[in-house]
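What follows is a single structure, written as structure tokens, with notes after it.
The values are calculated or read from the model by the stated rules, or taken from the named source; none is laboratory data. Quantities reported herein were computed from a predicted structural model and do not represent experimental measurements. Cβ sites come from the backbone with ideal geometry, for glycine too, and all protein chains shown count toward neighbours.
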Amino acid sequence: MSSSVKIKTLTIDERQVGAREDQTILDVARENGIKIPTLCSLKGLSAYGGCRMCIVEIAGTPKLLPSCMTTVEEGMVVTTNSDRIKKYRRSLLELYFSERNHVCSVCATNGYCELQSMAQEVEMTHVHFPYMYPQLDIDATHERFILDHNRCISCTRCVRVCDEIEGAHTLDIKDRGIDIRVITDLDHPWGESETCTQCGKCVHVCPTGALIERGKSVGEMSKRKQLLPYLTKMREAHE
Amino acid sequence: MNKKLTLATLWLDGCSGCHMSLVDVDERLIDVAGIYDIVFSPLVDVKEFPENVDVTLLEGAISTDEDVEMVKRVRKSTKTLIAFGDCAVTANVPSMRNQFKVEDVFKRGYLETTPGNDIIPSVNIPKLLEKAYPVHNFVHVDVFLHGCPPSADNIFYTLVEIAEGRTPELSKRARFG
């Protein structure tokens, strides 16, 4: 931290907290033990602001803002868990479940899935929206991994880890909105990829069963959550 | 002693796993029997769904014209309707056919996977709906008891809470899958 970095004081959930001027609300909340739910955010990767689970209220602003993309300001008054926010988070999560085919009971990540545990966290008991049941592919051409679009929530953690940490940039996304898809190389089958290093980082940062190891059956695909923090720490130690 | 409540249980497009979990409350079945009279269930020999049922545990998704008729009848005769398990709450495994056309599902189920068979049954069986749906697509549901299957603890908790006149708080206790 250089000496020119200024310190800001703000209020999060009625608590006075101090922060560096370049920090996001999410970072500061985490530092202070205030839990804000997230799906696309992952320590060690760049912020993406895609999942919108981390929305917060800021006094004087009618809009809800994603705390992972909003930097702190002096005197800010932030609320992370009002009834209004809870309602929006629950509705958002219901949309995630309705948009693709998330069948927890037959999923390889049953019991380890962040989408599944998020449903519990935001107290979602059922989905009010009609399910879409899109017909989606499973790319099982890779010798070690499987990409199942049915379970993908488009958080892009896999894309970011492949680019920012592994440096391969095999994974990317195509199209927008509800048509968004994770692709490998220029939308070629994963098994034919010339850039994939087979490192498996994408599998282990994926919050759901969209990326799994081949051969893993229902409830067998736990993810190695410590992988990314470990890599980041080792890199920092080398710098 | 208070008058016992009446309890109905049934499964539509489900695998009976939720009912297995109900039986899994083990010795607490004696407590359940102390609070409820089971008036309709695969476990008792009653053919017609009775009137004025206090609580119904409804397992399974809604997949046929007969299911739709049944769920409406159940709703009409039930005070507290519980969507019992993930199939009732989300359509779960039965909904995996929803990506395909009904004709293709039949072809897959009866022709492609059964060598030598060229008959798709169509007489005296309920007609499949275009998709399998959650129960709340058709009728109002009072309690969503999710899980595949819901744990015996959650089932027992739900039945006791309702009998005590409280609303079961399942959002944090239960989990999908």
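A few notes on this one:
- Hits in the stretch A:70-85 (condition: free of Cβ contacts under 8 Å to residues at least 60 places away in the same chain and either within 11 Å of chain B (Cβ to nearest Cβ) or in contact with a helix residue (DSSP H, G or I) (Cβ under 9 Å, 6 or more places away or on another chain) (or both)): A:T70, A:T71
- B:P115 being within 28 Å of B:L29 (Cβ to Cβ) and in a loop (DSSP other than H, G, I, E, B): no
- Residues of the stretch A:205-239 that are acidic (D, E) and either within 13 Å of A:V161 (Cα to Cα) or free of Cβ contacts under 8 Å to residues at least 24 places away in the same chain (or both): A:E236, A:E239.
- Qualifying helices (runs of 4 or more DSSP H) (wholly inside the stretch A:131-239; at least 2 residues being β-branched (V, I, T)): A:201-205
- Pairs where the first residue, in the stretch A:161-183, is in the same structural domain as A:T197 (by TED's automatic domain parsing) and on the phi > 0 side of the Ramachandran plot and the second is crowded, with 17+ Cβ neighbours inside 10 Å and part of a helix (DSSP H, G or I), C-beta under 7 Å, 6+ apart: A:H169/A:C162; A:H169/A:D163
- Hey, A:T141 surrounded by fewer than 22 Cβ atoms within 10 Å (Cβ to Cβ), polar (S, T, N, Q), more than 7 Å from chain B (Cβ to nearest Cβ) and touching a residue at least 40 places away in the same chain (Cβ under 8 Å) or not: yes
- Any hit, the stretch A:64-80, residues being part of a strand (DSSP E or B), closer than 24 Å to A:T208 by Cβ and touching a strand residue (DSSP E or B) at 6+ places or on another chain (Cβ under 7 Å): yes
- Candidates in the stretch B:73-96 are the residues that are assigned to a helix (DSSP H, G or I) and under 10 Å from B:A61 (Cβ atoms); of these, the one that is nearest to the chain's Cα centre (by Cα) is B:A88.
- Out of A:A59, A:A47, sole residue that is without any contact (Cβ under 8 Å) to a residue 40 or more places away in the chain, of a type in the set (A, V, I, L, M, F, W, C) and surrounded by 12 or more Cβ atoms within 10 Å (Cβ to Cβ): A:A47
- Residue that is nearest to the other protein chains (Cβ to nearest Cβ), among those in the stretch B:157-174 that are part of a loop (DSSP other than H, G, I, E, B) and surrounded by fewer than 21 Cβ atoms within 10 Å (Cβ to Cβ): B:S171
- A:M53 being away from chain B (no Cβ under 14 Å), in contact with a Pro (Cβ under 7 Å, 6 or more places away or on another chain) and under 27 Å from A:V182 (Cβ atoms): yes
- Positions within the stretch A:102-112 being of a type in the set (A, V, I, L, M, F, W, C), facing chain B (nearest Cβ under 8 Å) and within 14 Å of A:L211 (Cα to Cα), in sequence order: A:C107
- Whichever residue in the stretch A:119-130 is surrounded by fewer than 22 Cβ atoms within 10 Å (Cβ to Cβ) and assigned to a helix (DSSP H, G or I) and, among such residues, is farthest from the other protein chains (Cβ to nearest Cβ): A:E121
- Filtering A:T109, A:T170 for residues that are under 17 Å from B:V93 (Cβ atoms) and of a type in the set (V, I, T) leaves a single hit, A:T109.
- Test result for B:V39, closer than 21 Å to B:N154 by Cα, of a type outside the set (D, E, K, R) and in contact with a Leu (Cβ under 9 Å, 6 or more places away or on another chain): no
- Residue match in the stretch A:25-43 (condition: basic (K, R), assigned to a strand (DSSP E or B) and either loosely packed, with under 13 Cβ neighbours inside 10 Å or touching a Pro at 6+ places or on another chain (Cβ under 9 Å) (or both)): no
- Which listed residue, of A:R89, A:R100, is touching a residue at least 40 places away in the same chain (Cβ under 8 Å), surrounded by 16 or more Cβ atoms within 10 Å (Cβ to Cβ) and closer than 25 Å to A:Q23 by Cα: A:R89
- Test set (1) more than 9 Å from chain B (Cβ to nearest Cβ); (2) at pLDDT 95 or above - A:G177 fails condition number: (2)
- Unique match (being over 29 Å from A:A19 (Cα atoms) and out of contact with any His (no Cβ under 7 Å at 6 or more places or on another chain)) among A:C155, A:C107, A:C162: A:C107
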